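The values are calculated or read from the model by the stated rules, or taken from the named source; none is laboratory data. Just so it is clear, the model here is predicted, and its values are computed rather than measured. Quick reminder, even Gly has a Cβ in these numbers, built from the backbone with ideal geometry, and neighbours come from all protein chains shown.
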Amino acid sequence: MTVSAEAPRPAFYALAPGSWRDYATLLHPPYTAWHLSYVAIGAALAPDFRLSRLLPTLAAFFLAVGIGAHALDELHGRPLRTELGSGTLALLAVLSIAGAVAIGVYAAVAWSPWIAVFAPLGAFILCAYNLELFGGRFHTDTWFALSWGAFPLVTGFFAVAETITPAAIVAGAFAFALSLAQRRLSTQVRHVRRHLREVRGTIVQHDGTSVEVNVETLIGAEERALKLLTAATVLLALSLVMMRLA
């Protein structure tokens, strides 16, 4: 059997191409919220929680990851199939990354000079990963987990605590492992949504009944898991911040 239907959306959160919808899709809202949650978790784990430092750090990562990284990613291969022009995407990337670096410079002057190490490192990782520089050596599962999991959490912790403790390293390992799980789940989902043209076959069970193979068969469980993990991580971040504010 062959199931050939209208091509699925490139992501479950992708809107129809055109107008403001392209900008909304470009933000990858669930995943941006997920990775910003690591920043909040790191800040909330710091011994002396300071919201005045968490908010600028969140803003920097939103600019860098939510806008800059995703604009570069769309510029490099059009995975979301938006209608945004290359010039628009490049401008979004440059302005957002510059804004993130500017916040980093301010933090290095106002909080700790060591933040001057985090800002350029983050900008390098962002460009190397999303543009697949150096032959794609930084575009791997491990680098994804380090860049979008461990790095935001440890940075969030350091921005508030001005040090890195064993607890921060263990928490960074948590973010690394969870981001690695995200990557492993999303790889199959992305491949099916963005590259498969048709699905053929059936699944025959022990009792003789058969199930038609379709897109839901291939990615349904993985995509539901990704949605649940997104919600769980965001809720964990909110609960920790609320606890520290109480």
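crowded, with 20+ Cβ neighbours inside 10 Å and hydroxyl-bearing (Ser, Thr, Tyr), is that true of residue 179?
Details: crowded, with 20+ Cβ neighbours inside 10 Å: yes; hydroxyl-bearing (Ser, Thr, Tyr): yes.
Spelling it out, residue 179 is indeed crowded, with 20+ Cβ neighbours inside 10 Å and hydroxyl-bearing (Ser, Thr, Tyr).
Before we move on, is residue 90 farther than 22 Å from residue 133 by Cα and loosely packed, with under 15 Cβ neighbours inside 10 Å? Working first, answer last.
Working: farther than 22 Å from residue 133 by Cα: no; loosely packed, with under 15 Cβ neighbours inside 10 Å: yes.
Taking the combined requirement at face value, the residue does not satisfy it.
When the range 47-62 is examined, which residues are found to be part of a helix (DSSP H, G or I) and more than 13 Å from residue 106 (Cβ to Cβ)?
To start, the set of residues in the range 47-62 that are part of a helix (DSSP H, G or I) comprises 51-62.
Residues satisfying the conditions are 51, 54, 58, 61, 62.
Among the residues of the range 1-15 satisfying the criterion of being surrounded by fewer than 16 Cβ atoms within 10 Å (Cβ to Cβ) and farther than 13 Å from residue 190 by Cβ, which is modelled with the highest pLDDT?
7
Only one of (1) surrounded by fewer than 20 Cβ atoms within 10 Å (Cβ to Cβ); (2) closer than 29 Å to residue 244 by Cα; (3) touching a residue at least 60 places away in the same chain (Cβ under 8 Å); (4) under 19 Å from the mean Cα position of the chain (by Cα) is not met by residue 79, so which one is it?
With respect to (1) surrounded by fewer than 20 Cβ atoms within 10 Å (Cβ to Cβ); (2) closer than 29 Å to residue 244 by Cα; (3) touching a residue at least 60 places away in the same chain (Cβ under 8 Å); (4) under 19 Å from the mean Cα position of the chain (by Cα), residue 79 is out only on (2).
Check the range 116-137 and report whether any residue there is in a helix (DSSP H, G or I), of a type in the set (Ser, Thr, Tyr) and surrounded by fewer than 14 Cβ atoms within 10 Å (Cβ to Cβ). Explain how you work it out, then say what you get.
Going through the range 116-137, the residues in a helix (DSSP H, G or I) turn out to be 116-130, 133-136.
If we keep only those that are of a type in the set (Ser, Thr, Tyr) as well, we get 129.
Within this subset, residues satisfying the condition of being surrounded by fewer than 14 Cβ atoms within 10 Å (Cβ to Cβ) are none.
Within the range 116-137, not a single residue is in a helix (DSSP H, G or I), of a type in the set (Ser, Thr, Tyr) and surrounded by fewer than 14 Cβ atoms within 10 Å (Cβ to Cβ).
Identify the single condition in (1) more than 15 Å from the chain's Cα centre (by Cα); (2) within 26 Å of residue 174 (Cα to Cα) that residue 33 does not satisfy, given that it satisfies every other one.
(1)
Do we find a residue being over 20 Å from residue 126 (Cα atoms), in a helix (DSSP H, G or I) and in contact with a Leu (Cβ under 8 Å, 6 or more places away or on another chain) anywhere in the range 145-157?
Here is the first cut: in the range 145-157, the residues over 20 Å from residue 126 (Cα atoms) are none.
No - not one qualifying residue is present in the range 145-157.
Among the residues of the range 172-186, is there at least one that is among the aromatic types (Phe, Trp, Tyr), part of a helix (DSSP H, G or I), free of Cβ contacts under 8 Å to residues at least 24 places away in the same chain and out of contact with any strand residue (DSSP E or B) (no Cβ under 6 Å at 6 or more places or on another chain)? Break it down into steps so the answer makes sense when it comes.
Narrowing the range 172-186 to residues among the aromatic types (Phe, Trp, Tyr): 174, 176.
Still in the list and also part of a helix (DSSP H, G or I): 174, 176.
Next, from what is left, pick out any that are free of Cβ contacts under 8 Å to residues at least 24 places away in the same chain: 174.
Imposing the further condition that a residue be out of contact with any strand residue (DSSP E or B) (no Cβ under 6 Å at 6 or more places or on another chain) reduces the set to 174.
The answer is yes, given that some residue of the range 172-186 is among the aromatic types (Phe, Trp, Tyr), part of a helix (DSSP H, G or I), free of Cβ contacts under 8 Å to residues at least 24 places away in the same chain and out of contact with any strand residue (DSSP E or B) (no Cβ under 6 Å at 6 or more places or on another chain).
Across the range 70-115, which residue is nearest to residue 158 (Cα to Cα) among those that are β-branched (Val, Ile, Thr) and not in a loop (DSSP other than H, G, I, E, B)? Quick ask: steps written out before the conclusion?
So the first thing to find is which residues in the range 70-115 are β-branched (Val, Ile, Thr), and the list is 82, 88, 94, 97, 101, 103, 105, 109, 115.
Checking which are not in a loop (DSSP other than H, G, I, E, B) leaves us with 88, 94, 97, 101, 103, 105, 109, 115.
Numbers: 88: 34, 94: 25, 97: 20, 101: 16, 103: 15, 105: 15, 109: 14, 115: 8 Å.
Per the criteria, the residue is 115.
Within the range 10-29, is there a residue that is assigned to a helix (DSSP H, G or I) and at positive phi?
As a first pass, look at the range 10-29 and keep what is assigned to a helix (DSSP H, G or I): 19-26, 29.
The next check asks that each one be at positive phi; those that pass are 19.
Yes, some residue in the range 10-29 is assigned to a helix (DSSP H, G or I) and at positive phi.
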